[in-house]
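The values are calculated or read from the model by the stated rules, or taken from the named source; none is laboratory data. Remember, predicted model here, so these are calculated numbers, not experimental data. Positions of Cβ are generated from backbone atoms using ideal geometry, with glycine treated the same way; all protein chains shown enter the neighbour counts. Side chains included, ligands, DNA and RNA excluded: accessible areas come from the protein's heavy atoms. Shrake-Rupley method; radii C 1.70, N 1.55, O 1.52, S 1.80 Å.
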Amino acid sequence: MTAKILVIEDEPDLAMGLRDNLEFEGYEVAIAHTGEDGLDLAIKERPHCILLDIMLPGMDGFEACHAIRKNGIRAPILMLTALSTEVDKVKGLDLGADDYITKPFDLKELMARIRAALRRFEPIVQPKKRKKLTVGKATILLDRSLLQIDGKDVPLGHYETQILEILSEEPGSIIDRQHLLSEIWGLENEPLNRSVDNHIVSLRRKIEDDPKVPRHIITVHGFGYKLVK
Ligand code: CA
């Protein structure tokens, strides 16, 4: 089956260039030029991966990301952004995005990130044995990529869901950082490894009472991470 990529990008030249390159790589491509149209297409077309520009007329990329997740669409979302500050990255992850690429981007790197996203998407479509997890005050529904806390539903990106799933296999044990990275991103995606730290930051913001003093998702310096329920 051909993987379907939805591109939500208002700059016509960039959208066209992405379409050509993605089609050349063998993907099926749908294009939307506004956040509103992107949301409609995401619902209708059920893409396997979404490339989402942040600066869009009308509904911006952050709002579109939130709306896409609220509609139960769990395809990985890669945000295309001219903004590269940590605040913007974390904001996107809070809203359920999975990854970032900063404009102007290297086409090879974009394709590597798409391949990594697609590789991890399929397994999560299948219901998992371990569906529900309690961490502190949060209930995590792994099969729905959803976290419930204080009566609120908070969307999880699929990398975040994967991180929680791997950490929860052995709660209280230190999970080697390299193991986590290769499980999620694959060994051949070395340059993508930095992004695990952003996902950990984002998860803490969702789960911890005080994200600066984490009690549930703990960094063990020089080794990796552990989950304390
Ligand atoms: Ca734009």
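Search segment 199-224 for residues being part of a helix (DSSP H, G or I) and touching a Leu at 6+ places or on another chain (Cβ under 9 Å), and hand back the single one that is modelled with the lowest pLDDT.
His199
Give the residues of segment 1-33 that are open to solvent by less than 40 Å² (accessible area, probe 1.4 Å) and within 16 Å of the ligand (Cβ to nearest atom), sorted by residue number. Answer for segment 1-33, where residues must be open to solvent by less than 40 Å² (accessible area, probe 1.4 Å) and within 16 Å of the ligand (Cβ to nearest atom): Leu6, Val7, Ile8, Glu9, Ala15, Gly17, Leu18, Ile31, Ala32.
So that you can scan it fast, the table gives a plain yes or no per residue for (1) within 18 Å of Thr161 (Cβ to Cβ); (2) among the acidic types (Asp, Glu); (3) more than 14 Å from the ligand (Cβ to nearest atom); (4) out of contact with any helix residue (DSSP H, G or I) (no Cβ under 7 Å at 6 or more places or on another chain):
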| residue | (1), (2), (3), (4) |
| --- | --- |
| Asp53 | no, yes, no, no |
| Pro76 | yes, no, yes, no |
| Leu107 | no, no, yes, no |
| Met111 | no, no, yes, yes |
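If we scan segment 15-33, do we find a residue that is modelled with pLDDT of 90 or more and under 25 Å from Arg144 (Cα atoms)? Yes: one or more hits. From the list Ile68, Ile101, Ile43, the one residue that fits, being open to solvent by less than 50 Å² (accessible area, probe 1.4 Å), free of Cβ contacts under 8 Å to residues at least 40 places away in the same chain and away from the ligand (no atom under 16 Å from the Cβ), is Ile68.
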